[in-house]
C-alpha cells in the first residue's frame, strides 16, 4: 500500500464514510494481462463494502474488467499494462 486516505471519518460508523487505498507494485516481466484480487473479511457481520477502480492516470494502464462477490468483500480487477 502506498497511501490510505479516509474521508468523512465521523460518518464511518454510519456506513457513509469512505476509505481510499492506493496500491503500488513492481510487475514481473511477461504477459501484459494482469489480475489483482483484493479481499476484506474484517468484521464482516457489521461491515459494508463497495469496491471500484478509478480511471488510471497512466494511459498505458487499462482496466479490462471487474468482478465482485455479492457483498463485495472479494474484488477482482483485470488490467492490461
task = Can you give me the number of residues within the stretch 1-23 that are at pLDDT 80 or above and under 22 Å from residue 67 (Cβ atoms)?
result = 6
inquiry  = Quick check on the stretch 40-52: of everything there that is exposed (fewer than 12 other Cβ atoms within 10 Å of the Cβ) and under 10 Å from the mean Cα position of the chain (by Cα), which residue is nearest to residue 14 (Cα to Cα)?
reply    = 50
remark   = Residues of the stretch 51-76 being closer than 20 Å to residue 24 by Cα and either part of a loop (DSSP other than H, G, I, E, B) or at pLDDT below 90 (or both), in sequence order, are 51, 52, 53, 54, 55, 56, 57, 58, 59, 60, 61
task = Just give me the residues in the stretch 1-31 being part of a loop (DSSP other than H, G, I, E, B) and loosely packed, with under 11 Cβ neighbours inside 10 Å, in sequence order.
result = 1, 2, 15, 23, 24, 25, 26, 27, 28, 29, 30, 31
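The values are calculated or read from the model by the stated rules, or taken from the named source; none is laboratory data. Quantities reported herein were computed from a predicted structural model and do not represent experimental measurements. So basically every Cβ, Gly included, is an ideal-geometry build from the backbone, and we count neighbours across all protein chains shown.
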